[in-house]
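Participant: Sharing a structure here in structure tokens format.
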Amino acid sequence: MNNPPTKLILQGPGAHQANIQQVATHFGLPQLRSVAPHVWRCDLSQPLGVESIDHLKKFSQSLQIDHALLRADLQLQDFKLLVVDMDSTLITIECIDEIADMQGLKSDVAAITEAAMRGELDFAESLQRRVALLKGLEESALARVFEQRLELTLGAHSMLHAMKQAGLRTVLVSGGFTYFTERLEHELELDVSHANRLEVVDGKLTGRVLGDIVDAQAKKSTVIEQCAELGVPTVAAIVIGDGANDLAMMSVAGLSVAFRAKPVVQTKAHVALKYAGLDGVLNLFL
């Protein structure tokens with residue numbers, strides 16, 4: 001059976017003509033053409049071998065260029081659902097680390113967060129450990145994090161706008177907290193959000209999470225359930241994440257994007273974006 005035609009997308013701040021010419025010359029790529037600012041496409045007559053792909057990865061990274069090998073006919077219209085992680089993906093911070101900073105415990109909590117995102121710790125257990133350290137913190141600290149420290153990732157607005165214009169259902173799913181996801185859902189006009197709810201008594205955090213923890217399996221279940229509601233297979237979903245707890249939901253998606261992700265996630269996703277913004281997801285369809 002013949003392999004389907006493949007396209008190579010090169011993008012990012014390093015994707016200017018001089019660097020792209022280096023890539024084209026080095027790999028003998030025909031007809032690399034500019035399809036948007038800092039975005040180039042090449043249609044391949046035959047697929048690259050494993051060694052060539054590995055070499056391309058290292059070479060492009062040296063030039064700060066993201067590369068993606070995809071079906072040549074891939075279109076945004078092929079998809080009906082976008083599911084995006086929150087912390088360090090849709091937004092630039094890890095909310096729990098910033099909340100912990102209000103307790104003077106940011107370094108302690110951040111170390112646990114980092115290990116969990118690398119897949120070295122069970123996510124649910126790590127979350128319970130981190131939340132326990134927040135016991136006694138005033139709930140108002142959450143508002144300070146949202147108002148003073150939370151920023152959307154570069155390209156988030158344009159990416160979400162294009163997804164909505166294309167008719168995709170937009171879902172925010174997070175191992176973080178509903179305090180933030182619900183506000184982002186409202187501000188960004190997302191269709192659905194799903195996260196963990198912190199217990200608050202008398203205006204203070206108790207150090208506990210209410211209900212079942214949104215872990216890797218819960219994230220995967222969210223993708224499956226949302227696709228079922230839409231009446232489409234999970235291959236109609238685009239999933240974007242950065243941590244090991246995103247791998248399960250990525251595994252059922254038609255297109256998985258590792259965004260500024262941990263190495264274990266980059267190696268398993270269909271596409272890894274290290275240099276482009278979130279709007280770089282849109283360039284995969286050019």
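Participant: Please go through (1) outside any helix (DSSP H, G or I); (2) surrounded by 15 or more Cβ atoms within 10 Å (Cβ to Cβ) for Leu154 and return the number of the only condition it doesn't satisfy.
Facilitator: Condition (2) is where Leu154 drops out.
Participant: Restricting to the range 140-168, count the residues that are under 16 Å from the mean Cα position of the chain (by Cα) and of a type in the set (Lys, Arg).
Facilitator: 0
Participant: On the given criteria, is Ala111 over 28 Å from Gln226 (Cβ atoms) and not charged (D, E, K, R)? Before you say what the answer is, go through the steps one by one.
Facilitator: Values: over 28 Å from Gln226 (Cβ atoms): yes; not charged (D, E, K, R): yes.
For Ala111, the condition - over 28 Å from Gln226 (Cβ atoms) and not charged (D, E, K, R) - is met.
Participant: Let me ask another. If you go through the range 60-82 one residue at a time, how many are buried (at least 16 other Cβ atoms within 10 Å of the Cβ), more than 16 Å from Val39 (Cβ to Cβ) and at pLDDT 95 or above?
Facilitator: Count: 4.
Participant: Taking Thr25 as meeting all but one of (1) surrounded by 13 or more Cβ atoms within 10 Å (Cβ to Cβ); (2) not in a strand (DSSP E or B), write down the number of the exception.
Facilitator: Against the list (1) surrounded by 13 or more Cβ atoms within 10 Å (Cβ to Cβ); (2) not in a strand (DSSP E or B), Thr25 comes up short only on (1).
Participant: Here is a list: Arg169, Arg183. Which entry is among the basic types (Lys, Arg) and in contact with a Lys or Arg (Cβ under 7 Å, 6 or more places away or on another chain)?
Facilitator: On the way: Arg183 fails: in contact with a Lys or Arg (Cβ under 7 Å, 6 or more places away or on another chain).
Within the list Arg169, Arg183, the selection yields Arg169.
Participant: Of the residues that make up the range 93-105, is at least one out of contact with any Lys or Arg (no Cβ under 6 Å at 6 or more places or on another chain) and surrounded by fewer than 15 Cβ atoms within 10 Å (Cβ to Cβ)?
Facilitator: Yes.
Participant: Let me ask something else about it. Kindly evaluate Ala124 against the criterion of being exposed (fewer than 15 other Cβ atoms within 10 Å of the Cβ) and under 23 Å from the mean Cα position of the chain (by Cα).
Facilitator: Details: exposed (fewer than 15 other Cβ atoms within 10 Å of the Cβ): no; under 23 Å from the mean Cα position of the chain (by Cα): yes.
Judged against the criteria, Ala124 is not a match.
Participant: Now, a different point. Kindly evaluate Gly119 against the criterion of being touching a helix residue (DSSP H, G or I) at 6+ places or on another chain (Cβ under 6 Å) and under 30 Å from Phe79 (Cα atoms).
Facilitator: On the way: touching a helix residue (DSSP H, G or I) at 6+ places or on another chain (Cβ under 6 Å): yes; under 30 Å from Phe79 (Cα atoms): yes.
It is true that Gly119 is touching a helix residue (DSSP H, G or I) at 6+ places or on another chain (Cβ under 6 Å) and under 30 Å from Phe79 (Cα atoms).
Participant: Moving on. Filter the range 28-58 for residues that are within 24 Å of Thr267 (Cβ to Cβ), among the hydrophobic types (A, V, I, L, M, F, W, C) and surrounded by fewer than 16 Cβ atoms within 10 Å (Cβ to Cβ) and give the result.
Facilitator: Selection gives Val50, Ile53.
Participant: Another question, then. Of the residues that make up the range 12-22, is at least one more than 29 Å from Ala166 (Cβ to Cβ), in a helix (DSSP H, G or I) and of a type in the set (Val, Ile, Thr)?
Facilitator: Initially, the range 12-22 is screened for residues more than 29 Å from Ala166 (Cβ to Cβ), giving 17-19, 21-22.
Now drop any that are not in a helix (DSSP H, G or I), which leaves 17-19, 21-22.
In the following step, the residues that additionally are of a type in the set (Val, Ile, Thr) were identified as none.
Within the range 12-22, not a single residue is more than 29 Å from Ala166 (Cβ to Cβ), in a helix (DSSP H, G or I) and of a type in the set (Val, Ile, Thr).
The values are calculated or read from the model by the stated rules, or taken from the named source; none is laboratory data. It should be emphasised that the depicted structure is a prediction, and the values quoted were computed from it without experimental measurement. Counting neighbours? That spans all protein chains shown, and the Cβs are built from the backbone with ideal geometry, glycine included.
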